[in-house]
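Read the structure below first, then the notes.
The values are calculated or read from the model by the stated rules, or taken from the named source; none is laboratory data. Keep in mind that what you see is a predicted model, and the values were worked out from it rather than measured. All Cβ positions, even for glycine, are placed from backbone atoms using ideal geometry, and neighbour counts span all protein chains on display. With ligands, DNA and RNA removed, areas are computed over all heavy atoms of the protein, side chains included. Shrake-Rupley method; radii C 1.70, N 1.55, O 1.52, S 1.80 Å.
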Amino acid sequence: MSEAPKQSKKPVDDGNFDKEVISKWPDLELAQTRFMLNHPEVDASVKEAKLAKLQEEIKENNMAPFYELVCADFKTAVDATQLAAMKAANAKRIAEITAEVEDAEKNLGESEVRQGLLRKFEYYCQIGDKENAQKAYTATYEKTVGMGYRIDLVFAMIRVGLFFLDHHLINKYITKAKELMEQGGDWERKNRLRSYEALYKMSVRDFAGAADLFLEAVPTFGSYELMTYENLILYTVITTTFALDRPDLRTKVIRCNEVQEQLTGGGLNGTLIPVREYLESYYECHYDRFFIQLAALESERFKFDRYLSPHFNYYSRGMRHRAYEQFLTPYKTVRIDMMAKDFGVSRAFIDRELHRLIATGQLQCRIDAVNGVIEVNHRDSKNHLYKAVIKDGDILLNRIQKLARVINA
């Protein structure tokens, strides 16, 4: 594949962007900062520093619509002078771009018109104006011919959805991106789509779907407008430990060179060291260390991540269940106090946890409180598979009968 030229006064509208000119707007770091400022457990001094940085970004980019949202979040009075100045700057810039588009329509070609409309769309993304960004997207998309350009536009709209965590908007444009990919998306953009879809699936608690996509994205990751590579490794470990069984976890994560390279290095400022210890303690069955690392990640990372925060309780319960199941699998009976010791918790805690999981059918065992033991009921896998086949067969036969009645009618 030949390398695209870096600069050209009149770019050819072939649908292929050079990597350096992929738009980073809207800036998802600003959305994370906004989330942190609204978090009740963030220290006041940290909030003060983050607020100062956010205000500086808002002023620098004249983000009037986003400024109003931030003021509404904090229920603070809007600085009327600052807002008026930013709105005036917004109106001036939009007028300039509109004039450029009108001039291009009269004197230049379709490519220049599209470039002008694209600048307007990106400017609305930059200032955090979701409503006008959607309108500008529609106008730009209609003028866009190249498949690559169209896909990049859709990616930008997915980022708008991620910026505001508008799941309807994200899902709509991920579906659109998949349709365009089937019509002729290149390899690089297909790989980027995996990262976008994985992040969305994780944000809506589909950890299994996210795990598969993150694993595919790791070797050839290029979506730095979404997240850092370290965050990709974090999300990959978090979702795969939840979704994969031990053999798959070993082959796809423990033995994955790209993942292990980052975990061994520890990441920038050691941010991946707890993630490595979390993965190792779970896989190596050091359950007392695993519980400590799970609690640490929950309190230090999950709660303060805008994608994971709504799900950290669900995730923690699910991982404790997986750990209990993994611990009990080799046994027919096991003493409760021994299990409590291995997990580094009290007997009362284990008793309470197991009662909940047994009552909901998530663990196949019973507690003998008199003798202080847990009796594990291992499923007969052949019998279970037989029942599943019979059930699925009945469903298939019913559907065939319904289809036959429709055809014969």
Odd one out for R289, checked against (1) more than 20 Å from the chain's Cα centre (by Cα); (2) closer than 25 Å to L162 by Cα; (3) basic (K, R): (2)
R159 being buried (at least 21 other Cβ atoms within 10 Å of the Cβ), in contact (Cβ under 8 Å) with a residue 12 or more places away in the chain and part of a helix (DSSP H, G or I): yes
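Hey, does segment 23-34 have a residue that's in contact with a helix residue (DSSP H, G or I) (Cβ under 7 Å, 6 or more places away or on another chain), part of a helix (DSSP H, G or I), on the phi < 0 side of the Ramachandran plot and open to solvent by 30 Å² or more (accessible area, probe 1.4 Å)?
First pass over segment 23-34, keeping only residues in contact with a helix residue (DSSP H, G or I) (Cβ under 7 Å, 6 or more places away or on another chain): 23, 25-26, 28, 30-31, 33-34.
Subset that is part of a helix (DSSP H, G or I): 28, 30-31, 33-34.
Now drop any that are not on the phi < 0 side of the Ramachandran plot, which leaves 28, 30-31, 33-34.
Okay, now just the ones that are also open to solvent by 30 Å² or more (accessible area, probe 1.4 Å), so 34.
Looking through segment 23-34, at least one residue is in contact with a helix residue (DSSP H, G or I) (Cβ under 7 Å, 6 or more places away or on another chain), part of a helix (DSSP H, G or I), on the phi < 0 side of the Ramachandran plot and open to solvent by 30 Å² or more (accessible area, probe 1.4 Å).
Looking only at residues that are polar (S, T, N, Q) and over 22 Å from S316 (Cβ atoms) in segment 197-239, which one is least open to solvent (accessible area, probe 1.4 Å)? Before the answer, list the steps.
Going residue by residue through segment 197-239, those that are polar (S, T, N, Q) are 203, 220, 223, 228, 231, 236, 239.
Filter again for over 22 Å from S316 (Cβ atoms), leaving 220, 223, 228.
Working: T220: 54, S223: 0, T228: 74 Å².
Restricting to residues being polar (S, T, N, Q) and over 22 Å from S316 (Cβ atoms), the top hit is S223.
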Meets criteria (within 14 Å of M63 (Cα to Cα), open to solvent by less than 70 Å² (accessible area, probe 1.4 Å), among the small types (G, A, S) and in the same structural domain as G148 (by the TED database)) for A99: no
Segment 113-134, subset surrounded by 18 or more Cβ atoms within 10 Å (Cβ to Cβ) and acidic (D, E), residue farthest from K24 (Cα to Cα): D129
Residues that are over 19 Å from K130 (Cα atoms) and either part of a helix (DSSP H, G or I) or basic (K, R) (or both), drawn from segment 61-83: F74, K75, A80, T81, Q82
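Rundown of residues vs (1) within 19 Å of R289 (Cα to Cα); (2) open to solvent by less than 30 Å² (accessible area, probe 1.4 Å); (3) not polar (S, T, N, Q), yes/no style:
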{"position": "T333", "(1), (2), (3)": "no, no, no"}
{"position": "K341", "(1), (2), (3)": "yes, no, yes"}
{"position": "A359", "(1), (2), (3)": "no, no, yes"}
{"position": "A369", "(1), (2), (3)": "no, no, yes"}
{"position": "L385", "(1), (2), (3)": "no, no, yes"}
{"position": "K391", "(1), (2), (3)": "no, no, yes"}
Every residue from segment 183-196 that is within 18 Å of K172 (Cα to Cα) and either open to solvent by 40 Å² or more (accessible area, probe 1.4 Å) or out of contact with any helix residue (DSSP H, G or I) (no Cβ under 6 Å at 6 or more places or on another chain) (or both): Q183, K190, R192, R194
